[in-house]
Amino acid sequence: MGSYVVKVARNYQITVPREIREKCNLKEGDLVNFEIRDSEIVLNPVCVVKKEQAFFFKPGWQHMVGKSEEEIKKGRCKTYRNAKLMERDMEK
């Protein structure tokens, strides 16, 4: 990926070059975070999550989901017709 020079337009707007938009999968309306590091401006795409859903994006939860997906791929799972059968199996 190259280096790009863009012009700051009216109202301090900038256009993100196509190659960067595609690489970062940026779409119109997406949010980005501006951060100043030393003398550099760093832009990072961000995703806003509702407060009541934030738990599901914490590293510990994501780790458990990843482990579960691995187990499913290995065939180490069961399908139950109802909750009672699952409870019975868990009590064993």
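Please note which helices (runs of 4 or more DSSP H) are completely contained in the chain and include at least 1 residues that are among the polar types (S, T, N, Q). Give the steps one after another, and end with the answer.
Numbers: elements: 18-24, 59-73, 83-91.
Filter on the chain gives 59-73.
Of all residues in segment 1-36, those being in contact with a strand residue (DSSP E or B) (Cβ under 7 Å, 6 or more places away or on another chain) and in contact (Cβ under 8 Å) with a residue 12 or more places away in the chain number 6.
Every read-out reported here was derived from the displayed coordinates using simple, explicitly stated rules and does not represent laboratory data. Here the structure is a predicted model, which means the values were calculated and not measured. Cβ sites come from the backbone with ideal geometry, for glycine too, and all protein chains shown count toward neighbours.
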